[in-house]
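Engineer: Take a look at this one; I'll ask things after.
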Amino acid sequence: MSKYLLRRTLGAMVVMWAVATLVFFMLRAVPGDPFTAMVFDTGDPTAAEEMRRAFGFDQPVYVQYFKYLVQAVQGNLGTSIYGSRVPVATIIAESFPRTLSITVLAFLIAVTIAIPAGLISALYKYSALDHGVTIVAFLGLSMPDFWLAILLIIAFAAGLGWLPAIGYAPLSEGFGAWLSHLIMPAIAIGTPFAAIIARMVRSSMLEVLRTEYVQVASSKGLLRWQVLLQHAFPNALIPVITVMGIALALLMAGAVVVENVFAIKGLGRVLIQGILNRDYPVVQGAILIVSGIFVLSNLIVDMLYAAIDPRIRYE
Amino acid sequence: MALLSVRGLELHFVTPAGRVRAVNGISYTVEAGELVAIVGESGSGKTVQAQAVLGLVAQPPGEIVGGAVEFDGVELLSLPEERMRTLRGRRISMVFQEPMTSLNPVLSIGRQLTEAMRLHLQLTRAVADERAVSLLGMVGIADPERRLRQYPHHLSGGMRQRVMIAIAIACDPLLIVADEPTTALDVTIQAQILALMQDLTRRLGVALVIITHDLGVVARYADRVNVMYAGRIVEHGAARDVYRRPAHPYTIGLLNSVPRLDRPRGVRIEPIPGSPPDPAHLQPGCAFAPRCPYVVDRCRREEPPTVTFDDRHVATCWQTAALRPESG
């Protein structure tokens, strides 16, 4: 097991290195650089040259690359090239909890709704209830998250006035304040995720209900809920977890867009601002963190497999 | 009074393609402690009639059109599901065909073995575990304590079927229905499993219904046999009588189509020509008529009569009196 974890950690490092490298060179493949634009108003060409030198952008690209790698390994992600030159690590440390809050909340809401919905759909196959769930799922899947976000703001913030339209409150200001700011973004990005999970639970459960071991469980005279929840459900969950792992990407991507709608300064907003400003160190740092989250969530999914299915053992 | 008595059971399936007459009025009995075989080929309705007896046929698409099933003095077909459930696994248990797929892959052997005991007999975990160990011992599994903690994928097909048998006898049932319990196993393992089932049921006084397509199984282990064809029982009697003096052309065909050691060398194995009828489109008269070498005109027009011989050997055939050898 520890050997397996070690191997996975090494693998994760390779993936993150590849992502870092790709991002590093892609940013620089775009013609021009941020400094020319920054000093354009001053009309002083030497100012741009000075800034380039200050950030080391006057050096050959490969030198910059190796410097970046060496610093990144030491945990130094550089500083923003704008304003007071805040370290990228600080920017991420500030914004990441917000994105994490949204995605975790979105995940919890989605799973809490999707699993019962999928189970009901499977158990009452082709009933009105099943059709209802199917229609809602397809609606949820087809609606762009930013559009759903705007609808939610119109309804619950502008219309009913129940929730704040924009902004973020940290948990330290109270659970209520935190939740009221996050519930709409979480629903907006969790909806397509929930739709996928509900459909997956349905089809997987239907498949498992046809298996012989479920029939055996019935033939033992077990209670219906025992047959369904103890015998069928854990088996149905195995493919669902796979899909959950893949669909986590949806949540992260959703967060990037939806944070902008709700003006929450999370990782997504930092990333987009960084891209628009061509703030190289910020973009590099943010993407590195996102890739790290992906690698970590994949690892968690694989661990979950082993917890549910005794046939899976990692050595 | 018989432990299980099935009378005129008729089961249809309503499908988009039409009404499938899977079981067409079968009757048989099982006495306490007896080993009864139900023989037939795929699609003869032998498995589905057993599922109907245990109330395991989903309705719809299944539909019990007629008949009665009495078990231990209780009429089962009209029994509410909740009471039926308390019989299942407790008084009647089932062993399935595919040991590789009949155990739940994510639950431990111990869990699957003890859950019915804990539910039906209200045993505590410790008592149930203790009994599970002795049950595994009874079905010939070595090192039972370790096996209880293992999962199905740690066990071979033969061992899994032994576990299924242990599950079946766990709550001291009166009747076990075994649906092709050895078909999926290697020949050498087949004999072991059958001998084990015979031995256990004899020792515990449990009645056993073995559903099989293998007449060899019948000859060696069963007390009585029912031969099914196209949803009907076409012949029944003591296993020895049916084997030595078959009275229905289908049974004769079955016996001729398997290799037998008690036949002179050089006698060819004769397969039954044709294939079983489509139960969605049964013709009038005898369902076996299109494949029968002894067919006469009447077979195609009229339902064959049920002829009973003096030794309680029964066949449903127009020609049966002419076919049955006088002595074995």
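The values are calculated or read from the model by the stated rules, or taken from the named source; none is laboratory data. Given the structure is predicted, the values throughout are model-derived calculations rather than measurements. Positions of Cβ are backbone-derived with ideal geometry, glycine not excepted, and every protein chain shown enters the neighbour counts.
Let's see how each residue does on (1) aromatic (F, W, Y); (2) more than 30 Å from A:L171 (Cβ to Cβ); (3) in contact with a helix residue (DSSP H, G or I) (Cβ under 8 Å, 6 or more places away or on another chain); (4) surrounded by 12 or more Cβ atoms within 10 Å (Cβ to Cβ):
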residue	(1), (2), (3), (4)
A:L6	no, yes, no, no
A:P31	no, yes, no, no
A:T36	no, yes, yes, yes
A:I91	no, no, yes, yes
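Engineer: Failed condition for B:S257, given (1) at pLDDT below 85; (2) within 26 Å of B:H12 (Cα to Cα), with all others met?
Structural biologist: (2)
Engineer: In addition: In the stretch A:279-304, how many are surrounded by fewer than 18 Cβ atoms within 10 Å (Cβ to Cβ) and either among the acidic types (D, E) or within 14 Å of chain B (Cβ to nearest Cβ) (or both)?
Structural biologist: So the answer is 2.
Engineer: Any residue that is free of Cβ contacts under 8 Å to residues at least 60 places away in the same chain and either within 11 Å of another protein chain (Cβ to nearest Cβ) or touching a Cys at 6+ places or on another chain (Cβ under 9 Å) (or both) - is there at least one of those in the stretch A:178-195?
Structural biologist: Looking through the stretch A:178-195, none of the residues is free of Cβ contacts under 8 Å to residues at least 60 places away in the same chain and either within 11 Å of another protein chain (Cβ to nearest Cβ) or touching a Cys at 6+ places or on another chain (Cβ under 9 Å) (or both).
Engineer: Then there's this: Looking at the stretch B:96-118, is at least one residue within 14 Å of chain A (Cβ to nearest Cβ) and in contact with a Cys (Cβ under 8 Å, 6 or more places away or on another chain)?
Structural biologist: As a first pass, look at the stretch B:96-118 and keep what is within 14 Å of chain A (Cβ to nearest Cβ): B:96-118.
From what is left, the residues that are in contact with a Cys (Cβ under 8 Å, 6 or more places away or on another chain) are B:116-117.
Yes, because at least one residue in the stretch B:96-118 is within 14 Å of chain A (Cβ to nearest Cβ) and in contact with a Cys (Cβ under 8 Å, 6 or more places away or on another chain).
Engineer: Out of the stretch B:53-94, which residues are within 13 Å of another protein chain (Cβ to nearest Cβ), over 19 Å from B:L119 (Cβ atoms) and among the β-branched types (V, I, T)?
Structural biologist: B:V53, B:V57
Residue-wise test of (1) small (G, A, S); (2) surrounded by 15 or more Cβ atoms within 10 Å (Cβ to Cβ); (3) in contact (Cβ under 8 Å) with a residue 40 or more places away in the chain.
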position: B:V30; (1), (2), (3): no, yes, yes
position: B:V53; (1), (2), (3): no, yes, yes
position: B:A58; (1), (2), (3): yes, no, no
position: B:G62; (1), (2), (3): yes, yes, yes
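Engineer: Next up: Could you check how many residues of the stretch B:140-190 are away from every other protein chain (no Cβ under 13 Å), surrounded by 17 or more Cβ atoms within 10 Å (Cβ to Cβ) and either closer than 21 Å to B:V39 by Cβ or β-branched (V, I, T) (or both)?
Structural biologist: 5
Engineer: Within the stretch B:282-312, how many residues are under 25 Å from the mean Cα position of the chain (by Cα) and surrounded by fewer than 16 Cβ atoms within 10 Å (Cβ to Cβ)?
Structural biologist: Selection size over the stretch B:282-312: 7.
Engineer: Now for a separate question. Restricting to the stretch B:214-242, and then to whatever is of a type outside the set (D, E) and surrounded by fewer than 18 Cβ atoms within 10 Å (Cβ to Cβ), can you tell me which residue is nearest to B:V36 (Cα to Cα)? Steps first, answer last, please.
Structural biologist: Initial filter on the stretch B:214-242 (of a type outside the set (D, E)): B:215-222, B:224-234, B:236-240, B:242.
Next cut, surrounded by fewer than 18 Cβ atoms within 10 Å (Cβ to Cβ) only: B:216, B:220, B:238, B:240.
On the way: B:G216: 14, B:R220: 12, B:A238: 9, B:R240: 12 Å.
Applying the filter and picking the extreme gives B:A238.
Engineer: Looking only at the stretch A:214-237, which residues are facing chain B (nearest Cβ under 8 Å) and within 34 Å of the chain's Cα centre (by Cα)?
Structural biologist: A:Q230, A:H231, A:P234, A:N235
Engineer: Taking the condition surrounded by 13 or more Cβ atoms within 10 Å (Cβ to Cβ) and of a type outside the set (K, R), does A:F156 pass? Reasoning before the result, please.
Structural biologist: Working: surrounded by 13 or more Cβ atoms within 10 Å (Cβ to Cβ): yes; of a type outside the set (K, R): yes.
Taking the combined requirement at face value, the residue satisfies it.
Engineer: Where in the stretch B:181-298 are there helices (runs of 4 or more DSSP H), lying fully within it, with 3 or more residues that are under 27 Å from B:Q319 (Cβ atoms)?
Structural biologist: Per the criteria, B:215-221, B:239-244, B:249-256.
Engineer: Right, something else. Is it fair to say A:Q71 is of a type in the set (S, T, N, Q) and either in a loop (DSSP other than H, G, I, E, B) or touching a Leu at 6+ places or on another chain (Cβ under 9 Å) (or both)?
Structural biologist: On the way: of a type in the set (S, T, N, Q): yes; either in a loop (DSSP other than H, G, I, E, B) or touching a Leu at 6+ places or on another chain (Cβ under 9 Å) (or both): yes.
In short, yes.
Engineer: Something else now. Please verify whether the stretch B:123-130 includes one or more residues that are assigned to a helix (DSSP H, G or I), crowded, with 18+ Cβ neighbours inside 10 Å and within 11 Å of chain A (Cβ to nearest Cβ).
Structural biologist: Looking through the stretch B:123-130, none of the residues is assigned to a helix (DSSP H, G or I), crowded, with 18+ Cβ neighbours inside 10 Å and within 11 Å of chain A (Cβ to nearest Cβ).
Engineer: Just to be sure I understand, how many residues within the stretch B:41-51 are buried (at least 18 other Cβ atoms within 10 Å of the Cβ) and either facing another protein chain (nearest Cβ under 9 Å) or among the hydroxyl-bearing types (S, T, Y) (or both)?
Structural biologist: Number satisfying all stated conditions: 3.
Engineer: Here's something else I'd like to know. Name the residue, out of A:L250, A:L267, that is surrounded by fewer than 23 Cβ atoms within 10 Å (Cβ to Cβ) and aliphatic (A, V, I, L, M).
Structural biologist: Working: A:L267 fails: surrounded by fewer than 23 Cβ atoms within 10 Å (Cβ to Cβ).
After ruling out the rest, the residue left standing is A:L250.
Engineer: Looking at A:T211, A:T242, which is the one that is out of contact with any His (no Cβ under 6 Å at 6 or more places or on another chain), facing another protein chain (nearest Cβ under 9 Å) and in contact (Cβ under 8 Å) with a residue 24 or more places away in the chain?
Structural biologist: On the way: A:T242 fails: facing another protein chain (nearest Cβ under 9 Å).
So the residue among A:T211, A:T242 that is out of contact with any His (no Cβ under 6 Å at 6 or more places or on another chain), facing another protein chain (nearest Cβ under 9 Å) and in contact (Cβ under 8 Å) with a residue 24 or more places away in the chain is A:T211.
Engineer: In addition: Among the residues of the stretch B:81-111, which ones are aliphatic (A, V, I, L, M) and crowded, with 24+ Cβ neighbours inside 10 Å? Talk me through it step by step, then tell me what you get.
Structural biologist: Of the stretch B:81-111, the ones aliphatic (A, V, I, L, M) are B:84, B:87, B:92, B:94-95, B:100, B:103, B:106-107, B:109.
Once the filter is applied, which keeps residues that are aliphatic (A, V, I, L, M) and crowded, with 24+ Cβ neighbours inside 10 Å, the stretch B:81-111 yields B:I92, B:M94, B:V95, B:L103, B:I109.
Engineer: I'd like the full set of residues that are surrounded by fewer than 16 Cβ atoms within 10 Å (Cβ to Cβ), at pLDDT below 90 and farther than 21 Å from A:G190 by Cβ, limited to the stretch A:121-139.
Structural biologist: A:Y124, A:K125, A:Y126, A:S127, A:A128, A:L129 - these are the residues of the stretch A:121-139 that are surrounded by fewer than 16 Cβ atoms within 10 Å (Cβ to Cβ), at pLDDT below 90 and farther than 21 Å from A:G190 by Cβ.
Engineer: Determine which member of the set A:V104, A:V86 is surrounded by fewer than 19 Cβ atoms within 10 Å (Cβ to Cβ), out of contact with any strand residue (DSSP E or B) (no Cβ under 9 Å at 6 or more places or on another chain) and under 20 Å from A:G266 (Cα atoms).
Structural biologist: Residue meeting the stated conditions: A:V104.
Engineer: Only one of B:H248, B:H236 is in contact with a Ser or Thr (Cβ under 7 Å, 6 or more places away or on another chain) and in contact (Cβ under 8 Å) with a residue 12 or more places away in the chain. Can you tell me which?
Structural biologist: Values: B:H236 fails: in contact with a Ser or Thr (Cβ under 7 Å, 6 or more places away or on another chain).
Answer to the selection: B:H248.
Engineer: Continuing with this model, one more query. Out of all the residues in the stretch A:66-80, is one or more charged (D, E, K, R) and either under 23 Å from A:L251 (Cα atoms) or surrounded by 12 or more Cβ atoms within 10 Å (Cβ to Cβ) (or both)?
Structural biologist: Of the residues in the stretch A:66-80, the ones charged (D, E, K, R) are A:67.
Right, trim to either under 23 Å from A:L251 (Cα atoms) or surrounded by 12 or more Cβ atoms within 10 Å (Cβ to Cβ) (or both) and you get A:67.
Looking through the stretch A:66-80, at least one residue is charged (D, E, K, R) and either under 23 Å from A:L251 (Cα atoms) or surrounded by 12 or more Cβ atoms within 10 Å (Cβ to Cβ) (or both).
Engineer: Answer with yes or no whether B:V127 is under 21 Å from B:G33 (Cα atoms) and of a type in the set (V, I, T). Walk me through how you get there before you give the answer.
Structural biologist: Numbers: under 21 Å from B:G33 (Cα atoms): no; of a type in the set (V, I, T): yes.
Against the criterion (under 21 Å from B:G33 (Cα atoms) and of a type in the set (V, I, T)), B:V127 does not qualify.
Engineer: Still on this model: How many of the residues in the stretch A:1-31 are assigned to a loop (DSSP other than H, G, I, E, B) and without any contact (Cβ under 8 Å) to a residue 40 or more places away in the chain?
Structural biologist: At the first step, the residues of the stretch A:1-31 found to be assigned to a loop (DSSP other than H, G, I, E, B) are A:1, A:30-31.
Going one step further and asking which of them are without any contact (Cβ under 8 Å) to a residue 40 or more places away in the chain, we end up with A:31.
Adding up the residues that qualify gives 1.
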